[in-house]
Amino acid sequence: MSERKRAVFFDRDGVILMAIVMDGRPRPARSIAEYKALSGIMPGAKEAVEKVKAAGFLAFLISNQPDIAYGVISKAEWQWIQDQTKDIPFDDIFICFHRRDDNCDCMKPKPGKLLEAAEKWNVDLARSFLVGDTKDDVAAAKNAGCKSVLLDAPYNREIESDMKIQSLIELLGTLREF
Ligand SMILES: [Mg+2]
Ligand SMILES: [Zn+2]
């Protein structure tokens with residue numbers, strides 16, 4: 001068996017794509033028009049993924065995307081928004097499309113998609129990181145046995161995590177220190 005690899009898992013909304021904050025809570029854009037007006041690629045997102053890959057980590061997108069199932073966005077508009085991440089060189093993408101009341105085992109904070117990625121790519125979770133912006137990201141990291149990195153946002157300052165970063169530019173330096 002080949003040596004297990006380290007990985008960085010990136011949440012999508014609030015980490016790779018700008019979250020839309022409504023009533024103090026982050027959510028993804030629910031239409032192409034809303035994406036164009038209020039969202040976009042997060043500063044430093046592509047560079048952060050490129051840098052962690054150059055440093056030897058695998059890079060994965062790991063996201064809960066229940067809005068199609070909730071009927072708040074069409075599949076086509078959702079796919080257009082997802083396609084905005086295409087220039088970012090993730091090794092793989094793991095998305096839970098379930099609704100919260102489906103009680104699946106892959107919606108963060110459950111670790112299902114992290115475990116699936118680890119199995120598929122031979123990842124050493126104990127030496128890997130999840131970069132997120134909510135308590136469910138931090139909890140998913142803990143439930144999968146990897147380290148949590150919280151990207152600072154006005155809505156997450158009370159959340160405890162293994163590491164905190166102010167911007168994605170700092171990410172690789174912070175991982176090296178850990
Ligand atoms: Mg998020
Ligand atoms: Zn799921």
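The values are calculated or read from the model by the stated rules, or taken from the named source; none is laboratory data. In this text, all values refer to a predicted model and were calculated from it rather than measured experimentally. Cβ atoms come from the backbone with ideal geometry, glycine included; neighbour counts cover every protein chain shown. Please note that ligands, DNA and RNA were not included when accessible areas were found on the heavy atoms of the full protein model with its side chains. Shrake-Rupley method; radii C 1.70, N 1.55, O 1.52, S 1.80 Å.
Converting phi to 3J(HN,Hα) with the Karplus coefficients 6.51, -1.76 and 1.60 and the offset θ = phi - 60°, the stretch 152-164 yields 4, 8, x, 8, 10, 5, 8, 8, 8, 8, 5, 9, 10 Hz in sequence order, with x at every glycine or proline. Helix 45-54 sits at what angle to the longest principal axis of the chain, using alpha carbons and giving 0 to 90 degrees rounded to 10? Result, in degrees: 20. Listed by chain and number, the aspartates and glutamates placed with their C-alpha closer than 18 angstrom to that of K46 are D11, D13, D83, D87, D91, D92, D133, D152, E170; residues fewer than eight positions away on the same chain are left out.
With all protein chains in place and a 1.4 Å probe, the accessible surface of the stretch 69-178 carries 49 percent carbon and sulfur. Note: relative contact order over the stretch 1-53, using C-alpha pairs below 8 Å and six or more positions apart, is 32 percent. Based on C-alpha pairs under 8 angstrom that are at least 6 apart in sequence, the stretch 49-112 has a relative contact order of 42 percent. For I20, the residues 5 or more places off, or on other chains, whose built amide H falls under 5 Å of its own are R27, A29. Given their separation in residues at 0.36 nm each and the Cα-Cα distance between them, W121 and D152 gain 8.3 nm when the chain is fully extended. Taking label positions 7 Å along the Cα-Cβ direction at both A55 and N143, the computed distance is 2.7 nm, reported to one decimal.
The relative contact order of the stretch 7-177 comes to 23 percent, based on Cα pairs under 8 Å that sit 6 or more residues apart.
Our coupling estimate for the stretch 56-65, obtained by passing each phi through the Karplus curve with A = 6.51, B = -1.76, C = 1.60 and θ = phi - 60°, is x, 7, 6, 10, 10, 8, 9, 8, 8, 9 Hz, Gly and Pro reported as x.
List the trypsin sites (Lys or Arg not before Pro) in the stretch 86-178 that DSSP assigns to loop (not H, G, I, E or B) and whose Cβ has at most 11 other Cβ atoms within 10 Å. Which are they?
K86, R157
Averaged over its residues, the stretch 7-177 has an accessible area of 47 Å² per residue, based on protein heavy atoms and a 1.4 Å probe.
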